[in-house]
Each structure stands twice: as C-alpha cells, then as structure tokens.
1. Let me have the 222 nm mean residue ellipticity of the chain computed from DSSP H runs of 4+ only, each contributing -39500 (n - 2.57), with the sum over all residues rounded to the nearest 500.
2. Just tell me, in residue order, which DSSP H segments of the chain are both 27 angstrom or longer along the helix axis (alpha-carbon based) and at least -0.5 in mean Kyte-Doolittle hydropathy.
3. May I ask you to compute the full-extension gain from Ala310 to Glu10, defined as 0.36 nm times their residue separation minus their alpha-carbon distance, rounded to one decimal in nm?
4. Round to a whole number: what % of the accessible area of the chain belongs to carbon and sulfur, probe 1.4 Å?
5. Leaving out ligands, DNA and RNA but keeping every protein chain, what accessible area does Val283 have, in Å² rounded to the nearest 10, with a 1.4 Å probe?
6. Under 20 Å from the Cα of Lys62, which lysines turn up, not counting those fewer than eight places away in the same chain?
7. If the chain between Leu219 and Arg157 were fully stretched, how many nm would it gain, using 0.36 nm times the residue separation less the Cα-Cα distance?
8. Which residues make up the longest stretch of the chain clear of trypsin sites (Lys or Arg not before Pro) that lie in a DSSP loop with no more than 15 other Cβ atoms within 10 Å, not counting the sites?
Amino acid sequence: MKLVFAGTPEVAVPALDALIASGRHEVAAVVTRPDAQAGRGRHLVASPVAQRAEEAGIEVLKPVKPRDEEFLARLREIAPDCCPVVAYGALLPRVALDIPAHGWVNLHFSLLPAWRGAAPVQHSIMAGDEITGASTFLIEEGLDSGPVYGTVTEEIRPTDTSGDLLTRLAFAGSGLLSATMDGIEDGTLKAVPQPADGVTLAPKITVEDAHVDWSAPALRVDRVVRGCTPAPGSWTVFRGERLKLIHVAPATDRTDLAPGELGVGKNNVHVGTGSHAVELLWVQAQGKKPMRAADWARGVRITSGERLGA
C-alpha cells in the first residue's frame with residue numbers, strides 16, 4: 001500500500017522505521033506537528049519524526065491544523081491507501097479521515113477499551129495495572145473508540161517508570177502496526193468493535209496530578225512517582241520550594257515516620273507516608289541537577305522533624 005505516516009515524538013520513530021524497513025509498503029509522506037521551540041536559545045526544532053523522515057528522503061507535511069486546505073489538497077494528490085498514526089498530537093477532522101481508502105489506523109499504547117486518551121501508559125502505572133499493551137484501531141471521530149485490528153501485551157514491571165514502559169511498547173507496537181498494514185493490504189485482517197464494558201479514560205497528566213500526597217499509602221506514592229517519570233515529573237515542597245522526585249522505593253521496615261516526615265541516615269533518606277515509609281533515591285531541587293537524595297540531604301542539612309509537603 002501507499003502510506004502517509006502521521007506522528008510527532010520520539011516514541012513514534014520505531015514504528016516509522018519498521019514501516020520503512022518492511023519493504024512491502026511505500027511510505028510516501030509523513031505528517032507531523034510544526035517545528036517547536038526548544039533549548040535555551042528557543043530555536044525552532046523539527047520533531048523527531050520529521051528529522052527521521054528527512055534522513056530517509058521522505059516528504060514531510062507540517063500543517064498547523066490538519067483541516068488546512070493546502071494540507072488536504074496535498075493529501076488528496078498523494079492518494080494514500082492508508083494512514084498509520086502514532087502519537088501525532090492533533091485531532092483529525094472527518095474530511096481528512098475520509099481521504100485514504102482504508103482510513104487512518106492508530107497505534108495506541110493500551111489494551112483498548114482501557115485507558116482511552118492522551119496518557120495511557122502513565123495512568124496504567126498509577127492505577128497499579130500488572131498488564132498493559134498496545135492496540136491498532138481504525139480512527140473514528142470519537143476518542144480512541146474505533147474498532148480494533150490487533151493487540152500486543154506487555155507486563156508492567158515493579159520498577160517501571162512511564163518512560164521505561166513506553167520505550168518497550170514503542171518497539172513492540174511498531175511490529176504490531178507493520179503487521180496490521182500487511183493484514184489490511186491482503187484482506188486477512190478485519191477490525192472488531194470495542195466492547196462497551198471496561199472503558200477507562202486516560203486524560204493528559206497535569207502538574208497538579210504529579211503533586212505527591214504524603215498521606216497516601218507508600219504504594220500509591222511509588223506509583224505516582226513512576227507514572228510521572230520522566231514527564232511531567234512528580235514533585236513535593238521542601239522549605240517553600242519545589243523538589244522533584246525522580247526515584248523512590250517503598251521501605252516496608254520503616255513505620256516510625258509521620259506522613260511527609262523526613263528521616264535522614266548516614267547514606268539514606270526516608271519519608272513517611274500514610275502507611276510505611278518510602279526511601280528517596282534521586283531528587284532534583286529547583287535550579288539544580290538531579291542528585292542522590294543522600295547528597296541532597298547533606299547539602300540542605302535537614303533538621304529533626306522537618307517534613308516534605310505543604
């Protein structure tokens with residue numbers, strides 16, 4: 001088939017690579033978000049998908065909105081058979097959805113109908129799921145509600161951050177998306193409607209969602225930190241300033257600390273929660289680089305009874 005691939009961030013690059021390498025289909029063009037400011041100089045930088053497409057000599061389309069008439073006209077000229085999508089980042093209007101003969105097929109990082117929305121991986125970790133995966137489905141105008149072509153499953157490991165899990169799903173999902181294109185092309189794959197039961201939503205994680213509540217159980221604190229790493233980054237407050245929490249670990253043998261209370265040893269730092277403590281392993285103070293929590297504690301000279309949190 002002739003394909004137009006739509007995607008923007010680094011997590012979409014493995015799928016683009018898989019389609020380019022397959023040799024079975026032609027990636028005629030790539031659709032991605034416009035260049036964005038990045039770095040200290042705030043220079044405009046092309047998306048990771050755009051950069052990869054340019055390296056491969058593939059035409060890159062960067063509409064401000066996918067309903068722009070110039071973009072739609074070019075898409076009609078290319079006349080793709082199907083448009084595979086991975087984390088494109090913009091809503092597709094009906095007029096665009098109707099152009100490819102086999103529609104737009106999205107690779108979504110959950111086992112639909114669970115975790116429809118922008119942040120399925122973060123929500124699955126924060127909810128304590130043990131299994132997740134990726135799904136390919138035909139995009140409709142509803143939120144991730146279209147019929148499903150296929151899935152792959154992935155175990156959520158006890159120490160997984162959302163970054164860890166998303167990286168594994170990006171590579172597992174790239175094979176699924178490529179196989180889905182093959183099945184659509186040869187007519188052996190049919191999309192199956194999603195069940196009405198089991199729908200959960202995964203809206204974008206806000207900065208406030210990443211604010212750690214020390215009165216919650218240690219298990220919940222650990223899940224929030226892992227689910228919000230690397231973005232948007234979980235955080236708390238220490239002496240009136242924000243402290244980013246990069247890595248914590250439940251410490252079931254420490255139950256003598258009140259919620260938020262700090263307990264500092266020679267080479268460790270514990271914080272009380274609503275159950276047992278967690279050990280702070282890596283933190284990042286405002287204006288500082290990430291550092292081991294024990295080094296941070298020595299630098300700020302924590303006094304007895306000091307707490308994290310408002």
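The values are calculated or read from the model by the stated rules, or taken from the named source; none is laboratory data. All values derive from a computational prediction rather than experimental measurement. Cβ sites come from the backbone with ideal geometry, for glycine too, and all protein chains shown count toward neighbours. Areas reflect the complete protein model, heavy atoms only, side chains present, ligands, DNA and RNA absent. Shrake-Rupley method; radii C 1.70, N 1.55, O 1.52, S 1.80 Å.
1. On the way: 8 runs with 82 residues, N = 310.
Mean residue ellipticity, 222 nm, calculated: -8000 deg cm²/dmol.
2. Numbers: long enough: 162-186 (35 Å, 0.39).
Sorted by number, the helices that extend far enough and score high enough are 162-186.
3. Working: separation 300, 0.36 × 300 = 108.00 nm, distance 3.54 nm.
Full-extension gain reported as 104.5 nm.
4. Details: 7690 of 14900 Å².
Taking all protein chains in place, the chain shows 52 percent carbon and sulfur surface.
5. 0 Å²
6. Lys2
7. Values: separation 62, 0.36 × 62 = 22.32 nm, distance 1.40 nm.
Extra length from Leu219 to Arg157 when fully extended: 20.9 nm.
8. Values: sites that count: Arg24, Arg40, Arg42, Arg67, Lys190, Lys204, Arg239, Lys266, Lys288, Arg301.
By the stated rule (loop sites, at most 15 other Cβ atoms within 10 Å), 68-189.
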